[in-house]
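Below is one structure; the comments refer to it alone.
The values are calculated or read from the model by the stated rules, or taken from the named source; none is laboratory data. Since this is a predicted model, take the numbers as computed values, not measurements. Note: ideal-geometry Cβ built from the backbone for every residue, glycine included; neighbour counts use all protein chains shown.
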Amino acid sequence: MISMNPKRSCTPSMTVVGLLPLLFILLSWPLLEPAALAGQAADAVARPIPEPVIPPPYFRAALERGTRSPDGSPGPAYWQVYSEYDIDARLDPRTGLLSGRETIRFHNRSPDRIPVLQLFLHQNIHKEGVRRNRPTEITGGVRLARIRVQGQDLMPVRDFSSPGYQEQGGILYVRLPESLEPGGTVELEVDWSFLVPQNGAGRMGHSDREMYFLAYWFPKIAVYDDLRTWDAEPYQGAEFYEGYGDYRVRLTVPEGWTVMATGELENPGEVYTPRTLARLEAAAVADTLVPIVTREDREAEGVTRGSDSGSLTYRFTAENVRDFVWTASDVQLWTATSARVPDRDGDGEEDRVDIHSFWREYRAPLWEEQALYGKHSIEFESVFTGLTYPWPHMTSVEGADIIGGGMEFPMFTLMGSYQSRSAMDLYAVTAHELGHMWVPMIVGANEKRHAWIDEGFTTFLENQAKPDYQPGIADPDSADMESYLNVARAELEQPLMRHGDYYEPGPGYGTASYAKSASLLATLRGLLGEETFMRAYRTFLGEWAFHHPAPWDLFNTFERVAGQDMDWFWTSFYFETWRLDHAVESVESQDGATVITVRDLGWAFMPARLTIETAGGETLEREVPVSHWLEGNVTAQVRVPASQGRVVRVAIDPDGHFPDFNRENNLWEGEESP
Ligand SMILES: [Zn+2]
């Protein structure tokens, strides 16, 4: 997601969490020897040497069971559960009532017996009394009409001594009549309805009842994974963790209303007029904008077919997606084109992805060309990630009343109007939200626990796409690095390795999840070199496509590809908020040679890379390896023999690859001979 107000930050009001560190200090205080505290001025505390990164017990257990590998790839015993959804839903746009019945076939591909199913009821964030970390409308949440398992009606129960169900906030627990054996399948039917909120926590809802964006709209099986079994944490207004499944969905709306959804439309001929169909066909092979529905078409009511009942049913299917969303409107304009992507079907030819843009010209005039931004993003990102966009279409929806920034869904994004902003801003948010198709849509990271994985990878990808779209952007990563360092300078940082729902108020969450984690990928590129970095980056994305990676899988993958232990890097920047500050302390003449003293003023570890210029115009490169600092040294001396000439300039990391806290002390320029 990109949140606009304030830029890229989310402010969970979990004040109780803010008290935890204090509690910890109070508890541990008596354990410290008074002598250990005496005389330790803040600036004299010894710099800690990082311990090896030790994953939590659940990850170590997964390594032992072989569902994960020590080299960072999915293990030989890796498994995922899977669900198939069959949903019939009907929207009454006048009242905003959405009602549906669904059948879920849940396939237990785990080695465990499962007695209780857990389902997300994300709409219950709108229910009175439910825990949430942002203000939301109260709509009553989901009304469950009927729940059946294997054809048998279940009733609400107070405990799970007998089969039945229990609704607790955003989670529905279903105690099965019989535990589901490994390899088994259970069929669950749920009838439900809810009132669509106008603003669903800035991620779904309706705008003036003339456009709807339906996300988090159906009861959905929570994630059951090899790390923590059920990982069903209720939606509180921040991020998500979702499992993969197949969908067959029938959506009924009044005639004249267009519908676009995750997946492929199976019955275009039954819902669209021949003119609309002809334009869609043209757009599917176009490289320019093709208007599918114009203002005149809407006014002439020539977009959809009519029907005797006055309503139309759109049928969609989608395979192997994390979620299913849709948009419906009788006023949206619709512009389309297509993206050219590397061969996906194996015929050796490039392939096409349909690019759609749904917008309202009086709300969002800037959106006229938005489909072209989508086309560029999908084309660039398919090549850069090494993973061709796998789905039939990518659709962007303008939702002015609902959202300020942007939010990602499989094959979809909902974005603000960008009315008072520039075309480049709309391009950037498009590149960002479409970048999310790779993480977390293809690479299914846990956004709730580790928001920095999906937001960091996506912000990094957005930054790489920008100069490709608009050549001339010299250093696209520098703005995020500066934004991270500014928060570090203000001492408002919080670690990346923190659950996304439990950051303290302030810029901690946004900085850790977006600016810092994107900067760290740029730092890794500087550290490892372009070729090694890209190999590690693409290996991680490729091996974890349609799987659920954890941070230690990412760390292990980079270490495998780079062929080095990098625990000092993960500890300094991911687990801690240590700051990097290398300085040129002095440049002196000793026995004819020049001795450069580098001082490591920060706590974060990094090799110090020196560029040394001599009076003769020569440029020398020297590196103080990270091992030198890990031995406990805080200074290093670099000797330049007299034969190399007089040193006139010394710069540490002159290209700014590394997040150096204070760059002013990175440079020495000799006025006179040292
Ligand atoms: Zn995002």
query: For segment 537-630, which helices (runs of 4 or more DSSP H) that fit wholly inside it have 3 or more residues that are out of contact with any helix residue (DSSP H, G or I) (no Cβ under 7 Å at 6 or more places or on another chain) and not hydroxyl-bearing (Ser, Thr, Tyr)?
result: 551-562
- request: For residues that are closer than 15 Å to ALA518 by Cβ and outside any helix (DSSP H, G or I), scanning just segment 436-446, find the one that is nearest to the ligand (Cβ to nearest atom).
  value: HIS436
- prompt: Quick one: is MET534 in a helix (DSSP H, G or I), at negative phi and surrounded by fewer than 23 Cβ atoms within 10 Å (Cβ to Cβ)?
  reply: yes
message: Being within 11 Å of the ligand (Cβ to nearest atom), over 15 Å from ALA515 (Cα atoms) and not hydrophobic (A, V, I, L, M, F, W, C) is the requirement here; does GLU433 meet it?
response: yes
field: Matching residues in segment 302-347 - criterion: being farther than 25 Å from GLU270 by Cβ, surrounded by fewer than 20 Cβ atoms within 10 Å (Cβ to Cβ) and without any contact (Cβ under 8 Å) to a residue 60 or more places away in the chain
entry: ARG340, VAL341, PRO342, ASP343, ARG344, ASP345, GLY346, ASP347
- request: Check segment 480-496 and report whether any residue there is over 24 Å from TRP578 (Cβ atoms), more than 20 Å from the chain's Cα centre (by Cα) and either part of a helix (DSSP H, G or I) or free of Cβ contacts under 8 Å to residues at least 60 places away in the same chain (or both).
  value: no
message: Here are the criteria: (1) touching a residue at least 12 places away in the same chain (Cβ under 8 Å); (2) assigned to a helix (DSSP H, G or I); (3) not small (Gly, Ala, Ser). Tell me which single one ASP475 does not satisfy.
response: (2)
Residues of segment 70-113 satisfying the condition of being crowded, with 20+ Cβ neighbours inside 10 Å, out of contact with any His (no Cβ under 8 Å at 6 or more places or on another chain) and assigned to a loop (DSSP other than H, G, I, E, B): GLY72, SER73, ASN108
message: For the structure I just gave you, tell me whether PRO182 is at pLDDT 95 or above and loosely packed, with under 15 Cβ neighbours inside 10 Å.
response: yes
field: Members of segment 382-425 found to be away from the ligand (no atom under 15 Å from the Cβ) and hydrophobic (A, V, I, L, M, F, W, C), listed by number
entry: VAL383, PHE384, LEU387, TRP391, MET394, VAL397, ALA400, ILE402, MET411, ALA423, MET424
